[in-house]
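Data block below; observations after.
The values are calculated or read from the model by the stated rules, or taken from the named source; none is laboratory data. Keep in mind it's a predicted model, so treat the numbers as computed, not measured. Cβ sites come from the backbone with ideal geometry, for glycine too, and all protein chains shown count toward neighbours. What goes into the accessible areas is simple: the full protein's heavy atoms, side chains included, and nothing from ligands, DNA or RNA. Shrake-Rupley method; radii C 1.70, N 1.55, O 1.52, S 1.80 Å.
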Amino acid sequence: MLRIEHIGIAVRDLAAGNELFRKLLGSEHYKTESVESEHVTTSFFQIGESKIELLVATDPESPIAKFIEKRGEGIHHIAFEVHDIRAEIARLEAEGFIPLNREPKRGADNKLVAFLHPKSSNGVLVELCQSY
Ligand code: CO
């Protein structure tokens, strides 16, 4: 693991979230991107070597819609940058973590991503990401 690449935060309203985090961080988001496969639109803020990723559902079937329904707005996942995502998935699975996808998929911000089930990591949804 190289660093915390970003922290994903589920919000109900992206414009309101962008405004709140603009005030909090003192900088504008630099990118908005939809990930159709995940039914989300994302917005990114750079903060030092890491980022904040705001996530809003694009339809009721979105995992973000379900998350907010269950737990309200808030921290949704922590993303760690890795050198070799396939090797990390194999290493973590051998350590007892449960990958939600063994084959990395395309996420936002030019990343290959894979997730670990929160029940295997103290209730925290973990994202692994590798730039491409
Ligand atoms: Co993410």
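Please specify each residue of segment 112-132 satisfying the condition of being hydrophobic (A, V, I, L, M, F, W, C) and surrounded by 15 or more Cβ atoms within 10 Å (Cβ to Cβ). Spell out how you get there, then give the answer.
Taking segment 112-132 first, the residues hydrophobic (A, V, I, L, M, F, W, C) are 112-116, 124-126, 128-129.
Residues satisfying the conditions are Leu112, Val113, Ala114, Phe115, Leu116, Leu125, Val126, Leu128, Cys129.
Which ones in segment 26-59 are under 15 Å from His6 (Cα atoms), out of contact with any Phe, Trp or Tyr (no Cβ under 9 Å at 6 or more places or on another chain) and of a type in the set (D, E, K, R)?
Glu49
Would you point out the residue of segment 29-57, among those that are among the acidic types (Asp, Glu) and in contact with a strand residue (DSSP E or B) (Cβ under 8 Å, 6 or more places away or on another chain), that is nearest to the ligand (Cβ to nearest atom)?
Here is the first cut: in segment 29-57, the residues among the acidic types (Asp, Glu) are 33, 36, 38, 49, 53.
Then keep just the ones that are in contact with a strand residue (DSSP E or B) (Cβ under 8 Å, 6 or more places away or on another chain); that gives 33, 49, 53.
Values: Glu33: 11, Glu49: 16, Glu53: 5 Å.
This residue is Glu53.
Does Ala79 meet the test of being of a type in the set (A, V, I, L, M), open to solvent by less than 40 Å² (accessible area, probe 1.4 Å), in contact with an Asp or Glu (Cβ under 9 Å, 6 or more places away or on another chain) and more than 14 Å from the ligand (Cβ to nearest atom)?
Working: of a type in the set (A, V, I, L, M): yes; open to solvent by less than 40 Å² (accessible area, probe 1.4 Å): yes; in contact with an Asp or Glu (Cβ under 9 Å, 6 or more places away or on another chain): yes; more than 14 Å from the ligand (Cβ to nearest atom): no.
No.
Within segment 16-40, how many residues are surrounded by fewer than 12 Cβ atoms within 10 Å (Cβ to Cβ), of a type in the set (Gly, Ala, Ser) and closer than 18 Å to Ala108 by Cα?
Qualifying residue count for the region: 1.
Of the residues that make up segment 101-111, is at least one out of contact with any Asp or Glu (no Cβ under 6 Å at 6 or more places or on another chain), of a type in the set (A, V, I, L, M) and either surrounded by 11 or more Cβ atoms within 10 Å (Cβ to Cβ) or over 22 Å from His29 (Cα atoms) (or both)?
In the first step, residues of segment 101-111 are kept if they are out of contact with any Asp or Glu (no Cβ under 6 Å at 6 or more places or on another chain); the result is 101-107, 109-111.
Right, trim to of a type in the set (A, V, I, L, M) and you get none.
Within segment 101-111, not a single residue is out of contact with any Asp or Glu (no Cβ under 6 Å at 6 or more places or on another chain), of a type in the set (A, V, I, L, M) and either surrounded by 11 or more Cβ atoms within 10 Å (Cβ to Cβ) or over 22 Å from His29 (Cα atoms) (or both).
For residues that are without any contact (Cβ under 8 Å) to a residue 60 or more places away in the chain and in contact with a Ser or Thr (Cβ under 8 Å, 6 or more places away or on another chain), scanning just segment 83-110, find the one that is nearest to the ligand (Cβ to nearest atom). Talk me through it step by step, then tell me what you get.
At the first step, the residues of segment 83-110 found to be without any contact (Cβ under 8 Å) to a residue 60 or more places away in the chain are 84-87, 89-104, 110.
This time we only want the ones that are in contact with a Ser or Thr (Cβ under 8 Å, 6 or more places away or on another chain), so: 96-98, 110.
Numbers: Gly96: 23, Phe97: 17, Ile98: 18, Asn110: 12 Å.
Top of the filtered list is Asn110.
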